[in-house]
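To start, the structure under review is shown below, and the notes come after it.
Values quoted throughout were computed directly from the atomic coordinates according to the rules given, and no laboratory measurement underlies them. It should be emphasised that the depicted structure is a prediction, and the values quoted were computed from it without experimental measurement.
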Amino acid sequence: MSATLHTNANLHTMGLPVVDFAHIEQAAITAARTLKNVALFAAAPFIGLVYAMALPLVGLVMLATIAARAIAKTNALATLKNAGLLAAAPFIGLAYAVALPFVGIALIAKTGYQAYRAQAN
């Protein structure tokens, strides 16, 4: 037996029932749409996580773009010097804060030594 394709006209003339698959096709489309929505619902937290993780990088790129445009419009050397000093300022301040007690102890010791030498003479 071989499968043959019958049109609706042939089926009526042969006395065979006509089966309408339109509702099955519509059900399949609805099921596929529902499956897609469920998949997107399940993936939404991960998509949001990717956006949240990318946000700082996007912000830095935008900041670098704006800075590059500003440098291009002004004196580049002076702007780069100021940007370097701005970036180094916290570390310079930290170095001063760490060194200050030692410098203070050295100055107190020097002043004490000078007072001791002045009494000896």
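Considering only Leu100, Leu57, Leu35, give the residue with the highest GNM mean-square fluctuation for the chain, with springs between Cα atoms whenever their separation is below 10 Å.
Leu100
Output the 0 to 90 degree angle, nearest 10, between the alpha-carbon long axis of helix 22-73 and the longest principal axis computed from the alpha carbons of the chain.
20
Rounded, prolate or oblate: pick one for the range 45-101, where a ≥ b ≥ c are the square roots of the eigenvalues of its C-alpha gyration tensor, a/c under 1.5 means rounded, and failing that, prolate if a/b is larger than b/c, else oblate.
The shape class here is oblate.
Please work out how much length the chain gains when fully extended from Ala88 to Ala39, using 0.36 nm per residue of separation minus the C-alpha to C-alpha distance, in nm with one decimal.
Stretched fully, the Ala88-Ala39 segment lengthens by 12.8 nm.
Given the Cα-Cα distance of Thr65 and Gln26 and 0.36 nm per residue of separation, how much length would full extension add, in nm?
9.0 nm
Anyone know which of Pro101, Pro90, Pro45 comes out most mobile in the 10 Å Cα GNM of the chain?
Pro101
Taking only Cα atoms and a 10 Å spring cutoff, compute GNM fluctuations for the chain and point out the largest among Thr30, Thr111, Thr65.
Ranking Thr30, Thr111, Thr65 by mean-square fluctuation puts Thr111 first.
Which of the following values of log10 I(q)/I(0) by the Debye sum over Cα atoms at q = 0.09, 0.13, 0.18 Å⁻¹ was calculated from the structure shown: (1) -0.72, -0.91, -1.09; (2) -0.20, -0.43, -0.87; (3) -0.36, -0.66, -1.00?
Checking each listed value against the structure points to (1).
Using the alpha-carbon atoms, what tilt in degrees (0 to 90, nearest 10) does helix 76-120 show relative to the longest principal axis of the chain?
30
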